[in-house]
1. Report the antiparallel proportion of the DSSP beta bridges in segment 157-281 as a percent, rounded to a multiple of 5.
2. Can you give the net charge of the other residues whose Cβ lies under 11 Å from the Cβ of residue 249, counting K and R as +1 and D and E as -1?
3. Pick from 121, 277, 344 the residue whose mean-square fluctuation is largest in a GNM of the chain, springs joining Cα atoms under 10 Å.
4. Under 8 Å for C-alpha pairs, at least 6 residues apart: give me the relative contact order for the chain, rounded to a whole percent.
5. Order of 81-90, 213-222, 291-300 by packing, highest average Cβ count within 10 Å first?
6. Full-extension gain between residue 256 and residue 222, please, as 0.36 nm times their residue separation minus the C-alpha to C-alpha distance.
7. HN-Hα J couplings of segment 123-132 from phi, Karplus 6.51/-1.76/1.60, θ = phi - 60°, integer Hz, Gly and Pro as x?
8. With angles folded into 0 to 90 degrees, how steeply does helix 354-363 sit against the dominant principal axis of the chain? Use alpha carbons for both and round to 10.
Amino acid sequence: MSFAGLSLLPRLRPDLRLRLRTHLRPGRRPSRHLITAGLLVLAVLPLPLLAAEVNLYSARSEELIKPLLDRFTQETGIKVNLVTGKEDALLQRLQSEGLNSPADLLITTDVGRLHRAKEAGVTQAVSSARLESAIPAAYRDPTGHWFGLTLRARPILYVAGKVKAEELSTYEDLADPKWKGRVCIRSSDNVYNQSLVASLIAADGAEATETWAKGLVANLARPPKGGDRDQILAAAAGQCDLAIANTYYLAGMLIAPEANQREAAAKMKVFWPNQAGRGVHVNVSGAALTQGAKNRAEAIQLLEYLSGDQGQTWYAETNGEYPVRPGVPVSATLAAWGEFKADGINLTRLGELNGEAVKLMDRAGWK
Ligand code: FE
């Protein structure tokens, strides 16, 4: 961020303008050779000082995004200044910095958070034909305040040998007493579960979803604890037969350095629920242009790059996610799980229903 503000020469090189001006006497026009000398100063300046840049706050860790940003810089000459942090901390930082924030772009996960950022007023609308044609309408904000860049599914995972695929059908079915003591899922304060419950409210209504949530809680094998990986580990260890988790956790565990993670993941199979109906619950990681973005054009260019062919293939594969763009190939691991029908609801709706989902889960006793 050291060169922030120096990207647009005529506007942002006050030091140079000052240098030229101090050579001028009042009332006199600058001589031709003085101007030539000034231009020469510009011409010999080191390149990085003149380079355009974009300042990025990213909730994705550096290894998940840096190589792609480097490629973007190579291709466009636009430098990317990366600040990584936790999702909620970055949002808070943007809120407290307001229009003075150095950030041009926020990258974060889950529509619940992207919607929160929009509601908090820290984002601004982008209109880009390239983004609109690259990203399906369901995976971007209708008013252009955020754009999905990778897709993640939250299916039902089951322990091979303990459950048959034929016994499974829908999320709704997880409240059936036949699953008593057999389900592992993380706590309700997690945004992934909040978005999942929001999708059920949208499909079945609040009343039916509350009844469902009570049934699900009654079927839990243990009080919710840990993250998605912990649900998979618990299922593999025999504590439950079903686990709800985002697919990239399973993909990551299959190639994890730790043997216990690989072994646990190998015991699990993926079941795509609600295939005869609305489809499996999906969510995105995505990006939003900040309210006070100073490098607006460069930030939009980066957004477009991330939604392009190269960006989509690499970005989705690196974290075991799916591209948001139809027709972009998925990794071999994901391909092995088969194709699925995704819930086509506009994800913005899930952001809108987040508050209702949180209250409902609380009433249902979902810890
Ligand atoms: Fe995650």
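1. Approximately 55 percent, going by the DSSP bridge assignments.
2. +1
3. 277
4. Over the chain, the number comes to 25 percent.
5. The peptides rank, most packed first, as 291-300, 213-222, 81-90.
6. 9.7 nm
7. Listing the rounded values in order: 10, 9, 6, 10, 10, 9, 4, 5, 5, 5 Hz.
8. Relative to the chain, helix 354-363 is tipped by roughly 30 degrees.
Any read-out appearing in this document is the output of simple, stated calculations on the displayed coordinates, not a laboratory observation. Computed from a predicted structure; not experimentally measured. Backbone-built Cβ (ideal geometry, glycine too); neighbour counts: all protein chains shown.
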